[in-house]
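Everything below concerns the one structure shown next.
The values are calculated or read from the model by the stated rules, or taken from the named source; none is laboratory data. Just so it is clear, the structure is predicted and the values come from calculations on it, not from any experiment. A quick note on method: Cβ atoms are made from the backbone with ideal geometry, for glycine too, and the neighbour counts reach across all protein chains shown. For the accessible areas, the whole protein counts, side chains as well, though only heavy atoms, and no ligand, DNA or RNA atoms are used. Shrake-Rupley method; radii C 1.70, N 1.55, O 1.52, S 1.80 Å.
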Amino acid sequence: MQTHLLKLEPPYKFVFDEEHGRVGKVIAVLLRPSDEEKNFDNDRTISVPIVDLAYTWDDTDLAQCRILCDEFNPRISFDTYICCLMSVKKDKWLPNGFFSVFYFSSQLNELGIEVQFPGEEEKEGELTIETKLHLGNKEGKWWVENFFGYFYFGGSYESRERLRYGILERRNDYYRSFPQKRFTINLSTDNAEFQDMLDDINNTPYNSYE
């Protein structure tokens with residue numbers, strides 16, 4: 001099979017490549033044989049996205065990307081936003097990788113994609129978004145997890161203090177990512193051993209990086 005370029009028509013789609021943690025507006029698709037086809041002589045093809053400014057995501061298959069929205073309605077739900085964060089593999093996140101909440105949110109902002117917060121349309125003024133965390137200590141690792149539908153926190157740390165710092169930094173990254181929105185993240189847990197730590201984080205004001 002030969003390689004073919006397929007030009008798309010507006011409205012162009014915004015997609016999220018969870019493997020590489022990137023967002024782009026797809027303006028064309030490059031159809032090429034997959035590596036499997038080269039090896040096994042089958043008919044499978046790869047749809048390589050070509051995003052804004054004609055940049056080709058060579059190592060991405062469009063079929064594996066999540067469609068977020070289109071340019072005529074550049075808006076995604078809060079659930080979609082959190083689902084994208086949760087789909088990125090742990091080894092891609094800082095400090096071991098490059099991905100972070102702020103990195104993802106910055107891409108959305110640059111492309112003009114708005115994230116619709118829960119209850120934002122029904123309530124005026126500042127939103128308080130409750131987020132319940134699972135926290136624990138096992139085999140020398142301090143860890144945090146939470147359910148789908150709230151602000152996403154996750155990771156394991158070498159000490160309780162590093163855990164506190166990791167949660168605080170993740171919380172601050174959410175505030176940093178949405179300077180135009182008025183909201184408060186209130187953290188809680190069913191594990192009484194850690195509630196004082198979360199109370200301390202809740203009472204720690206966010207200081208802008210700017």
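On the chain, 48 percent of the accessible area sits on carbon and sulfur atoms, based on a 1.4 Å probe. The helix-only estimate of mean residue ellipticity at 222 nm for the chain, built from DSSP H runs of length n ≥ 4 each weighted as -39500 (n - 2.57), is -8000 deg cm²/dmol after division by the residue total. Once the C-beta distance of L127 and E161 is scaled by a Förster radius of 45 Å, the resulting FRET efficiency is 0.90 to the nearest 0.05.
For the chain, the solvent-accessible area works out to 58 Å² per residue, with a probe of 1.4 Å and every protein chain left in place.
Sparse packing (at most 16 other Cβ atoms within 10 Å of the Cβ) combined with a DSSP loop state is found for the following chymotrypsin sites (Phe, Trp or Tyr not before Pro) in the range 92-155: F98, F147, F148.
Using only Cα atoms, what Kirkwood radius does the range 138-204 have, in angstroms? Could you put the intermediate results ahead of the total?
Details: mean 1/r = 0.0785 Å⁻¹.
The answer is 12.7 Å.
Exposure check, 1.4 Å probe, all protein chains in place: H134 carries approximately 70 Å² of accessible surface. Measuring against 25 Å, Cα to Cα, the residue pairs K13/K132; K25/K92; K92/K138; K132/K181; K89/K138 contain K13/K132 as the ones spanning a longer distance. At q = 0.13 Å⁻¹ the log10 of I(q)/I(0) for the chain amounts to -0.82, computed by Debye summation with a single uniform scatterer per C-alpha, solvent ignored.
If I50, I82, I67 are ordered by their accessible area, calculated over protein heavy atoms with a 1.4 Å probe, which sequence runs from highest to lowest?
Values: I50 20, I82 0, I67 115 Å².
In descending accessible area the options line up as I67, I50, I82.
Accessible area of L108 (1.4 Å probe, protein heavy atoms only, ligands and nucleic acids ignored): about 0 Å².
Calculate, in nm to one decimal, what E169 and F98 gain on full extension: separation in residues at 0.36 nm each, minus their alpha carbon distance. Mind showing how you got there, number by number?
Working: separation 71, 0.36 × 71 = 25.56 nm, distance 1.51 nm.
The span from E169 to F98 would gain 24.0 nm if fully extended.
Multiply the residue separation of D70 and T204 by 0.36 nm, subtract the distance between their alpha-carbon atoms, and state the gained length in nm to one decimal.
Values: separation 134, 0.36 × 134 = 48.24 nm, distance 3.79 nm.
Full-extension gain reported as 44.5 nm.
Put simply, the convex hull of the Cα atoms in the range 80-183 casts, on average, a shadow of 7.0 nm². If the cut-off is 13 Å between C-alpha atoms, which aspartates and glutamates fall inside it for K90, apart from same-chain ones fewer than 8 positions away? Answer for K90, where 13 Å is the Cα cut-off: E18, E19, E145, listed by chain and number.
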